[in-house]
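Taken together, the values in this text are just the output of simple stated rules run on the coordinates, not laboratory data. Keep in mind that this is a model prediction, so the values were computed, not measured. Heads up, the Cβs are rebuilt from the backbone with ideal geometry, glycines too, and the neighbour counts pull from every protein chain shown.
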Amino acid sequence: MIEAELFRVLADPTRRALFERLVAREMSVSDLREGFSVSQPAISQHLAALRAAGLVEERREGRFAYYRANPEALAPLVNWVDTYSTFWPKRIERLKDLLRRMDQ
């Protein structure tokens, strides 16, 4: 299930932070590493997980790699949330109606 993979990848706070930084602009690994207390290989591993989920795209220029976010990859997650955001309010209203009737 695509949503489960997206949730798994984005569950990591470092990956979420990397994704959020890449939404603003394209960056290299060394640019991304600034402000994080993890090693460059760890940043690369997080980027690999984000790439595998389709959340990040890579562009090569010589021996350098540049990364940018692919926000469209969040569409399955947004659709899943939308589905359940309409589900719960209806259920809660039915529960409220039932509780009102039980109180009478």
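Taking the Cα centre of the chain as reference, the dipole from Cβ charges on Lys and Arg (+1) and Asp and Glu (-1) amounts to some 220 debye. When each of the peptides 47-56, 23-32 is scored by the mean number of other C-beta atoms lying within 10 Å of its residues, the order from highest to lowest reads 47-56, 23-32.
Taking label points 7 Å from Cα along the Cα-to-Cβ direction, ARG100 and GLU57 give a separation of 5.1 nm. With a simple spin-label model that places each label point 7 Å from the Cα along the Cα-to-Cβ direction, the separation between GLN45 and ALA4 comes to 2.3 nm.
Using 0.36 nm per residue, how much length does the chain from VAL78 to ARG91 gain when fully extended, once their Cα-Cα distance is taken away?
On the way: separation 13, 0.36 × 13 = 4.68 nm, distance 2.04 nm.
That pair, VAL78 and ARG91, stretches by 2.6 nm at full extension.
Could you tell me the relative contact order of the chain? Use alpha-carbon pairs under 8 Å, at least six residues apart, and round to a whole percent. Before the final figure, lay out each step's value.
On the way: 86 pairs, mean separation 29.2, N = 104.
Dividing the mean separation by the residue count of the chain yields 28 percent.
Ordered by the count of other Cβ atoms within 10 Å of each Cβ, fewest first, THR83, THR14 give THR83, THR14. Candidate values [x] 21, 17, 15; [y] 46, 18, 12; [z] 41, 14, 10 were compared with semi-axes √(5λ) of the Cα gyration tensor in Å computed on the shown model; the agreeing label is [z].
In terms of other Cβ atoms within 10 Å, LEU98, LEU10 run from fewest to most in the order LEU98, LEU10.
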